[in-house]
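Laboratory data are not the source of any read-out in this text; all were calculated from the coordinates shown. For clarity, every value in this text was computed on a predicted model and none was experimentally measured. So basically every Cβ, Gly included, is an ideal-geometry build from the backbone, and we count neighbours across all protein chains shown.
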Amino acid sequence: GNVGIGTTAPTLAKLQIQSSQGGYGILNYNGLDYIALGSYGESAGTTSLETSGALKIKTGGAVTRMTIESTGNVGIGTASPGATLDVVGTIRARVAQGSDGVVVFDTTNARAWSFYPSAANKLSLWTTTSGNVLTVDGTTSNVGIGTTSPISRLDVQSTPSATIGSSLQTYIGG
């Protein structure tokens, strides 16, 4: 039979916990297993964990906010993630200025490439073999290759030193 806490007639779940603010329980609703908080089923006030197949975190009733599939794929804003991490919506990453790597691309934990905030309002592309490769200055809109302090729209530094300034022109054709 069913067990009820706060109710003498637990009909919605094997374990039904009832309070004056709503019901809570472990239940099967429309053939799906849930841990429900707030109310039952897919009403607007429900926050639930659906545990049939994938683990789905739902709020506002039937709206799936996060999914963890048996394959290990995690979806935020999607009920069907197509990659290890599949996000539908805006992603915001916050780190302290000068922190090591916001976004890291690698295959062997060697941190082959990373983007990071190198200074106030600057974004750098960095490699483990070459160090800082490219810097974009968000204040001046200058781009530096081989320099972290570009002084013109495109500032290319090399050895021996060479700077390409605002007078760079590109000619196409013969």
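Worth a mention:
- For the range 83-88, Karplus couplings with θ = phi - 60° (6.51, -1.76, 1.60), whole Hz, Gly/Pro x: 8, 3, 10, 10, 10, 10
- Amide H contacts of Val156 (H built 1.01 Å from N, under 5 Å, at least 5 apart or other chain): Ile145, Ile164
- Förster-model FRET efficiency, 22 Å R0, Ile145 and Ala119, C-beta, rounded to 0.05: 0.85
- Highest average packing first - 121-128, 143-150, 84-91, 2-9, Cβ atoms within 10 Å: 143-150, 121-128, 2-9, 84-91
- Close amide H pairs (under 5 Å, H built 1.01 Å from N) link Gly60 with Thr46, residues at least 5 positions away or on another chain.
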